[in-house]
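First up is the structure itself, then whatever we jot down about it.
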Amino acid sequence: MKIDAVTIFPEYFAPLQLSLLGKAQENDIIDIAIHNLRDYTEDNHHSVDDTPYGGGAGMVMKPEIWGQALDPLMIPDTDLIILTPAGKVFDQKMAHELAQASHLIFACGRYEGIDARVGQYYAQASFATQGIRVREVSIGDYVLGGGEVAALVMIEAITRLLPGVLGNPESLAEESHVEEGFLEYPNYTKPKIWRDLEVPEVLLSGNHGAIAKWRAEQAAARGED
Ligand code: ADE
C-alpha cells in the first residue's frame with residue numbers, strides 16, 4: 001500500500017518510523033511519503049491560508065496550493081482522505097474498507113480547514129472514472145488543532161490490518177469480536193496475585209469451554225457500559 005500525507009507540519013509524522021509501522025516500511029509492505037504543503041507556495045511568505053469569504057473567525061487554507069500539492073499524487077485508484085471534524089466518523093469498518101485500497105492520500109488541514117472546492121474538484125466525474133475517490137473523515141466528535149494526529153490514528157488502524165504488518169496475526173483474528181460489536185474481555189498475566197488482587201479462578205482452570213464462556217460474558221458486560 002502506498003500512503004501520502006500532505007501537511008504544513010511534516011514533523012508530526014515522525015512516529016511512523018517506530019515499532020510495527022517502521023518495520024512494515026522497511027519490509028516494503030507500506031510505502032509512506034510525507035509532503036510539506038509549504039513547498040508548493042509561490043509567494044515570499046509561503047502563506048498557505050487566507051481570510052474566509054463571507055467573514056467570520058479564523059483562516060481557510062488556499063485551494064491553489066492544495067491543488068499544486070495534490071495534482072502530482074493523483075494516480076488512478078486513489079482514495080483522497082480530507083481530515084475534518086465535519087467528516088464521516090472513522091471506525092473499524094472504515095479501517096477494513098481502506099485497508100483494501102492501493103493508494104491513500106491524507107490531506108491534513110489546519111485553521112478552519114481547506115477551501116471546500118479542493119474536495120469538490122477531485123470528486124468530479126473525470127477523476128471518479130480513474131478510480132479516484134474523495135472522503136471527508138473525522139476521527140471523533142471533538143476538534144483537534146489539525147488533521148495530522150487524525151491521519152496518524154487512521155494510518156495505524158488501517159495498516160495493522162495489512163497482511164504481514166502484525167507480528168502475531170492471531171491477535172487480528174481474535175479481534176473479530178470487536179468488529180461484531182463486542183468489546184474485548186479483560187486480560188491477565190503472571191503473577192497470580194498482585195497487591196492482593198487475584199486473577200479470576202476460571203482462567204487457571206484449564207477448562208477451555210468455561211474460559212471461552214467467561215470471556216464472552218465479560219466482553220458483553222463491558223459492551224453495556
Ligand atoms: N481536524 C480537526 N479535528 C479533527 C477531527 N476530529 N478529525 C479529523 N480531522 C480533524
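Key figures
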{"item": "Members of the stretch 111-133 found to be more than 19 Å from residue 60 (Cα to Cα) and in contact (Cβ under 8 Å) with a residue 24 or more places away in the chain, listed by number", "result": "127, 130, 131, 132, 133"}
{"item": "Hits in the stretch 48-83 - residues which are among the small types (Gly, Ala, Ser), on the phi < 0 side of the Ramachandran plot and open to solvent by less than 70 Å² (accessible area, probe 1.4 Å)", "result": "67, 69"}
{"item": "Test for residue 86: is it in contact with a Ser or Thr (Cβ under 9 Å, 6 or more places away or on another chain) and open to solvent by 60 Å² or more (accessible area, probe 1.4 Å)", "result": "yes"}
{"item": "Residue 142 being in contact with a strand residue (DSSP E or B) (Cβ under 9 Å, 6 or more places away or on another chain), hydroxyl-bearing (Ser, Thr, Tyr) and surrounded by 16 or more Cβ atoms within 10 Å (Cβ to Cβ)", "result": "no"}
{"item": "Breaking point among (1) more than 10 Å from the ligand (Cβ to nearest atom); (2) in contact with a Lys or Arg (Cβ under 8 Å, 6 or more places away or on another chain); (3) open to solvent by less than 10 Å² (accessible area, probe 1.4 Å), for residue 102", "result": "(3)"}
{"item": "Subset of the stretch 121-148 [within 18 Å of residue 73 (Cβ to Cβ), assigned to a helix (DSSP H, G or I) and not charged (D, E, K, R)]", "result": "121, 122, 126, 127, 128"}
{"item": "Qualifying residue in the stretch 167-174 (condition: within 16 Å of the ligand (Cβ to nearest atom) and surrounded by 12 or more Cβ atoms within 10 Å (Cβ to Cβ))", "result": "no"}
{"item": "Qualifying position, being among the basic types (Lys, Arg), within 15 Å of the ligand (Cβ to nearest atom) and either open to solvent by 60 Å² or more (accessible area, probe 1.4 Å) or more than 26 Å from residue 29 (Cα to Cα) (or both), among 160, 135", "result": "135"}
{"item": "Checklist (1) of a type in the set (Val, Ile, Thr); (2) part of a loop (DSSP other than H, G, I, E, B); (3) in contact (Cβ under 8 Å) with a residue 24 or more places away in the chain applied to residue 189, failing item", "result": "(3)"}
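The values are calculated or read from the model by the stated rules, or taken from the named source; none is laboratory data. Here the structure is a predicted model, which is why all the values come from computation and not from measurement. Note: ideal-geometry Cβ built from the backbone for every residue, glycine included; neighbour counts use all protein chains shown. Each accessible area value is taken on the protein alone, full model and side chains, heavy atoms only, with ligands, DNA and RNA left out. Shrake-Rupley method; radii C 1.70, N 1.55, O 1.52, S 1.80 Å.
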